[in-house]
1. Can B:ILE19 be described as more than 23 Å from B:PRO204 (Cα to Cα), more than 14 Å from every other protein chain (Cβ to nearest Cβ), of a type in the set (A, V, I, L, M) and surrounded by fewer than 18 Cβ atoms within 10 Å (Cβ to Cβ)?
2. Just the residues that are under 27 Å from B:GLN146 (Cα atoms) and basic (Lys, Arg), please, taken from the range B:54-92.
3. Test each condition in (1) touching a strand residue (DSSP E or B) at 6+ places or on another chain (Cβ under 8 Å); (2) over 23 Å from B:LEU202 (Cα atoms) for B:THR38 and report the one that comes out false.
4. Could we say that B:LEU187 is touching a Lys or Arg at 6+ places or on another chain (Cβ under 9 Å), assigned to a helix (DSSP H, G or I) and either touching a residue at least 12 places away in the same chain (Cβ under 8 Å) or open to solvent by less than 70 Å² (accessible area, probe 1.4 Å) (or both) here?
5. Which residues, taken from the range B:79-125, are part of a loop (DSSP other than H, G, I, E, B), of a type in the set (Val, Ile, Thr) and closer than 20 Å to B:SER143 by Cα?
6. Please determine, by comparing only the residues of the range B:94-149 that are within 13 Å of chain A (Cβ to nearest Cβ) and β-branched (Val, Ile, Thr), which one is farthest from A:ILE201 (Cα to Cα).
7. Which members of the range A:193-228 meet the condition of being open to solvent by less than 50 Å² (accessible area, probe 1.4 Å) and without any contact (Cβ under 8 Å) to a residue 60 or more places away in the chain?
8. Select from the range B:82-93 the residues that are touching a Gly at 6+ places or on another chain (Cβ under 6 Å) and at the interface with another protein chain (Cβ under 8 Å from one of its Cβ atoms) and write down the one among them that is surrounded by the fewest Cβ atoms within 10 Å (Cβ to Cβ).
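The values are calculated or read from the model by the stated rules, or taken from the named source; none is laboratory data. What you see is a predicted model; the values in this text were computed from it and never measured. Backbone-built Cβ (ideal geometry, glycine too); neighbour counts: all protein chains shown. Remember, those area values only see protein heavy atoms, side chains included, never the ligands or the DNA or RNA. Shrake-Rupley method; radii C 1.70, N 1.55, O 1.52, S 1.80 Å.
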Amino acid sequence: MASDLPITKNPAARYVPWTVGLMMYLASLAAFLFIVGFHFFGSWRHDLLTHVTLEIPKHSLLTSTLSQNDLDTLILKIKDVVQKTPGVTHITVISPQMGQKLLAPLLGDQQIILKNLPLPTLIEIEKNPEILDVSILEASLKKIFPPLRVINHQTHFSKIFILGFSLEVFLLTLMSAFFVTALLTLSFATRTSLLIHKNIIDILSLLGASDAIIAKEFQSNARTMAIRGAGTAYILLLLTALLGFFLFQRHETFSFPFFFLNHLSWTLFLGLLVPLLMGFFMIFSARLSIGRLLKKLDHA
Amino acid sequence: MQKEIIQFDQVSLDFPGNITVFENISFRLLEGTFHFLTGASGSGKSSLLNLIHLSMRPTKGHIRLLGYDVSAIKRSEIPFFRSQISFVFQDFRLLDHLTALENVVLPLRLQGVPFQKCRLQALELLKWVGLEGFYEAYPPTLSGGQKQRIAIARAVITQPKVLLADEPTGNVDDQTGVKLLYLFEELNKNGTTVLVATHNQLLPQEFSYPQLYLDRHKISLILPAEGETLNGF
């Protein structure tokens, strides 16, 4: 006699493990996307705050007449001014040739287009945002070469921050919604099961069963449902990971699989712990529901 | 010397809507005795059994069971008393999804006894009540008398100190009813206190045991030999 209560035969609870599993899966995905978003937005935030790009346009009245030597001299002058500016930590010159190399993977074999692209010379400056005043630097550089464009990425920061923050709040809300829905589903199944089996509970109680024994039966059923749900979630997560890996492997330009590898601990944490954690909360919530409902039924 | 096993002291029971069931009733049952509980329909026989089985609480007065005052008993303490005081219900209250054997072992299983340990005892009890060969039968396939026998076997498997039976012969024919009473008598000879509620006046005549008679919210004792009635005993 595995169980004295036929609670697994509750038709209302038949699909609960799969529903709960789907919720756990979606919650894990939302949590994963939250972590990915947090990582990317964190990285963008850092880049936007700590980078200034100087652009020497290819086609301007001044640069179109410059020889390569003149351009090199100009770059040296600019570098000299930049290096002497307080708050600058690193300078990288990206020549049009280097720019072409960076764009090559995106354009594939279209070398003719690439060669004819009017790529500017770029000077990437890493800065300490608290020390460097970009407007002062810009004024100094304009004196040397008026067509020079100073692109301060910090100006985009507020827009990116709002977008990132909104997305993260949305993902957290989504994750919480899935979590709460899974809890409510299991709680609903447990409560209906208790009500459906009220007659049996009454008989067991009249035969001397304590609330603890009756609750144990239902808790064990809730635990089984949570474990089955977690199992379903794990299978779905594994399939998604395999599908993601397969899809991204076909596009060498994407580094998404490396994100998985670089953040293996996070991926494992979310993949393994979120369903487990949800399962634990569900069992605990079922226990509370059972306790409350048995007191309400009060077959004493 | 026999101890008092059930004691009602000025117990009253009212239902919502000012319906009085009992009014200050008092009586005592000694350990190892056999009593019938009689009275017209609606006189409160089932309610009195329910009070003893702790399925109801008195409006007033004190009830002592097995030497303990249970008038204000905690919910968590009820299972202890129910393991000592068994109940045979008129409508059997068997679990239809369990076999006869599984139904009989249920009270012991609820006390944590493994199935294999109580199986033999249950088989013996089913044999004792005349259900040899019906061990694996499910209640819906059995007659009323057979179901009642399973209910009796289930009630006695814990070797209770008190056996309460609410109209145990109500759903069976007279001949089966008498046979069931012989089972109760046998249990009583082994020391179990038995209280059988019945509206069938033939049973107290056939079995010479005292009656607790309920009438107009009061209880009285009718002794078998002389038909003498004692009020307020």
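1. yes
2. Answer for the range B:54-92, where residues must be under 27 Å from B:GLN146 (Cα atoms) and basic (Lys, Arg): just B:ARG82.
3. (2)
4. In short, no.
5. B:THR99
6. Only one residue fits best here, namely B:VAL113.
7. Of everything in the range A:193-228, those that are open to solvent by less than 50 Å² (accessible area, probe 1.4 Å) and without any contact (Cβ under 8 Å) to a residue 60 or more places away in the chain turn out to be A:ILE203, A:LEU207, A:GLY208, A:ALA209, A:SER210.
8. Residue satisfying both the conditions and the ranking: B:SER83.
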